[in-house]
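Visitor: Before we start, here is the structure in question, set down as structure tokens.
The values are calculated or read from the model by the stated rules, or taken from the named source; none is laboratory data. Keep in mind the model is a prediction, meaning the values are calculated, not measured. Every residue, glycine as well, gets a Cβ built from its backbone with ideal geometry; the counts of neighbours run over all protein chains shown. The area values use the complete protein model at the heavy-atom level, side chains included, leaving out ligands, DNA and RNA. Shrake-Rupley method; radii C 1.70, N 1.55, O 1.52, S 1.80 Å.
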Amino acid sequence: MSKSGELVRVHVQLMTADTLLFANGNQQVTVQVKVEVHLYRDGSFFMRALTPVERDSIRLRRWSEQLDDYLPDGWFMDYTRNDYDQGVPGHTQPSSEAAATRALAPENTFTRYLRASKIDTQRFMVVVDIEGYGSVTSFATDPGATISSMVPLVIPAQTLLRRDQLELDQERADNARRQFLVSYFDFPDSRMSVHSMRFYTGIVIPEMPSGSRQFYRRDQRFMGGVLPSVVYLTPRQIVGRELAESLPDPDQELLIAPAAVRAFMFFDSETEPGFDWVTTSTILITDNFGNPQRYILSELDQQIVINDD
């Protein structure tokens, strides 16, 4: 017979709605963990809440008979969610009915997150340290969660959706002409977007917003570069302060549309021919699912071209 105040049972259970993630070291899978601590007191059974120390001790481990095995190599557990989107585009998750069958009630339910940096399939259990009871696992009481990590998604440059837009076309009285053409490159899947972007080559353009890069200049008349995530630009920013004074409306705001990659070509017919300075700009994009995408921007026949790195 149970004694009053005796801890009689600890029940541990876990569930995940997502069973697949990209093996990019960034994307997470959410795992819900339910821990119930049952006591017998004054002739009745009741469930007590976990202490802060007990809650912090909840951890995911490789499915094993060992009391406290480790996470498999290439797998990582987080206590908080990061800002990468979860799920794999095109992958069908368990039906809502099946998920509801395994859904955990919010009471005494806690959340952990898993990431993977290699292609793998693993089965996981949960371990928790209960005061006065020791470490408890879900190995004998719950089927656990089987999660697979897959090859990170790569979007080839030739599949990017391209749109060229002449954002600035101004002609002066002496027939000198200045044009600013923006090439927009978007992911073919609308569910994808840019989480962050880094440039590895190219020089900073002082007049333009922070992050702009110039990577070629031909005959001093053509200049090409990459635009950061700005919304508006003015001709003054594009051509510089000195040349802007000769334009009819140097502070006109030009709307720059959003896109995964925004490259530009600037043409100035008035500038005297001079030296060529041609290089490339390497771009590393981390998409919203945490996958790295690498591209090289260059110039060919006074046009921006994009290729895989």
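Visitor: Regarding residue 32, is this residue at pLDDT 95 or above and of a type outside the set (Lys, Arg)?
Guide: Criteria not met by residue 32.
Visitor: Which residue out of 229, 193, 212 is hydroxyl-bearing (Ser, Thr, Tyr) and modelled with pLDDT of 70 or more?
Guide: The match here is 193.
Visitor: Every residue in segment 39-78 that is closer than 22 Å to residue 108 by Cα, loosely packed, with under 12 Cβ neighbours inside 10 Å, without any contact (Cβ under 8 Å) to a residue 60 or more places away in the chain and not small (Gly, Ala, Ser), please.
Guide: 45, 46, 52
Visitor: Let me ask something else. Within the set of pairs 6 or more residues apart or between chains, which connect a residue that is more than 19 Å from residue 286 (Cβ to Cβ) inside segment 251-268 to a residue that is basic (Lys, Arg) and modelled with pLDDT of 85 or more with Cβ atoms less than 8 Å apart?
Guide: These pairs meet every condition: 256/262.
Visitor: Any idea how many residues of segment 255-300 are aliphatic (A, V, I, L, M), over 27 Å from residue 116 (Cα atoms), open to solvent by 10 Å² or more (accessible area, probe 1.4 Å) and modelled with pLDDT of 70 or more?
Guide: The total comes to 6.
Visitor: Tell me whether segment 122-137 contains one or more residues that are among the acidic types (Asp, Glu), open to solvent by 30 Å² or more (accessible area, probe 1.4 Å) and closer than 30 Å to residue 38 by Cα.
Guide: Scanning segment 122-137 turns up at least one residue that is among the acidic types (Asp, Glu), open to solvent by 30 Å² or more (accessible area, probe 1.4 Å) and closer than 30 Å to residue 38 by Cα.
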